[in-house]
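The values are calculated or read from the model by the stated rules, or taken from the named source; none is laboratory data. Source: prediction; values computed, not measured. Cβ sites come from the backbone with ideal geometry, for glycine too, and all protein chains shown count toward neighbours.
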Amino acid sequence: MYSQLEIENLLKEIKKLIQCKRYRISTGENREKNEEFIFEFDLNDEKICELLMQIEYSDFCECLHPYDISRNHEDYYLFAPEFSLSDLFGDVLQVVVYVKLIIKDDNRHQPFLVVVSFHRPDESKVLNYQFK
């Protein structure tokens, strides 16, 4: 269990990486949901950056530990903020976004943010907000 201060400090680090353009959204194989969501709401890099910067400590759900510690030993942080987004038809919707993040070191051993998931949550998964 994390304290509010710990999550606020984590978000400071995350937002600093975003401001410095030291992040990427995972796409490609096994990340089709991210691509579909980005297309559905016509999100460009600038808009995605803006949305990520709006995440607050109260959006924090949990910390997920890696399944395969031999491949990856960093923790995944799950947030589920709600945003007002316009779809391709111009309709404005209130959308909860499943945002799973990991902070890794790049090849120069500098911190780098990977947005592993950026899409609507699966209906089968229950989101447990730690601070709501």
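Scanning for something of a type in the set (Phe, Trp, Tyr) and at pLDDT below 95, does region 42-57 turn up at least one residue?
Within region 42-57, none of the residues are of a type in the set (Phe, Trp, Tyr) and at pLDDT below 95.
May I ask you to list the residues in region 86-119 that are within 16 Å of the chain's Cα centre (by Cα) and either under 15 Å from residue 33 (Cβ atoms) or not in a strand (DSSP E or B) (or both)?
Correct list: 95, 96, 97, 98, 99, 100, 115, 116, 117, 118, 119.
Looking for something over 22 Å from residue 129 (Cβ atoms), among the aliphatic types (A, V, I, L, M) and part of a loop (DSSP other than H, G, I, E, B) - is there at least one such residue anywhere in region 7-30?
No - not one qualifying residue is present in region 7-30.
Could you check how many residues of region 113-124 are in contact with a helix residue (DSSP H, G or I) (Cβ under 7 Å, 6 or more places away or on another chain), farther than 14 Å from residue 55 by Cα and of a type in the set (A, V, I, L, M, F, W, C)?
So the answer is 1.
Pick from 35, 74: which is part of a helix (DSSP H, G or I), surrounded by fewer than 18 Cβ atoms within 10 Å (Cβ to Cβ) and of a type outside the set (S, T, N, Q)?
Sole residue among the options that is part of a helix (DSSP H, G or I), surrounded by fewer than 18 Cβ atoms within 10 Å (Cβ to Cβ) and of a type outside the set (S, T, N, Q): 35.
Anything in region 41-55 that is within 21 Å of residue 89 (Cβ to Cβ) and buried (at least 16 other Cβ atoms within 10 Å of the Cβ)? List them, or say none.
Matches in region 41-55: 41, 43, 48, 51.
How do the pairs read when you match residues in region 1-27 that are farther than 20 Å from residue 106 by Cβ with residues anywhere that are at pLDDT below 95 and among the basic types (Lys, Arg), using Cβ under 9 Å and keeping only pairs 6 or more apart or on different chains?
Every condition considered, no pair remains.
Could you give every pair whose Cβ atoms fall below 7 Å, whose first residue belongs to region 90-113 and is free of Cβ contacts under 8 Å to residues at least 60 places away in the same chain and closer than 16 Å to residue 15 by Cβ, and whose second residue is surrounded by 13 or more Cβ atoms within 10 Å (Cβ to Cβ) and among the hydroxyl-bearing types (Ser, Thr, Tyr), counting only separations of at least 6 or pairs across chains?
Close Cβ pairs satisfying both conditions: 99/117; 102/76.
Name the residues in region 77-101 that are modelled with pLDDT under 95 and over 26 Å from residue 42 (Cβ atoms), would you?
Once the filter is applied, which keeps residues that are modelled with pLDDT under 95 and over 26 Å from residue 42 (Cβ atoms), region 77-101 yields nothing.
Quickly run through region 38-57 and pick out the residues that are hydrophobic (A, V, I, L, M, F, W, C) and part of a helix (DSSP H, G or I).
Scanning region 38-57 gives 38, 39, 48, 49, 51, 52, 53.
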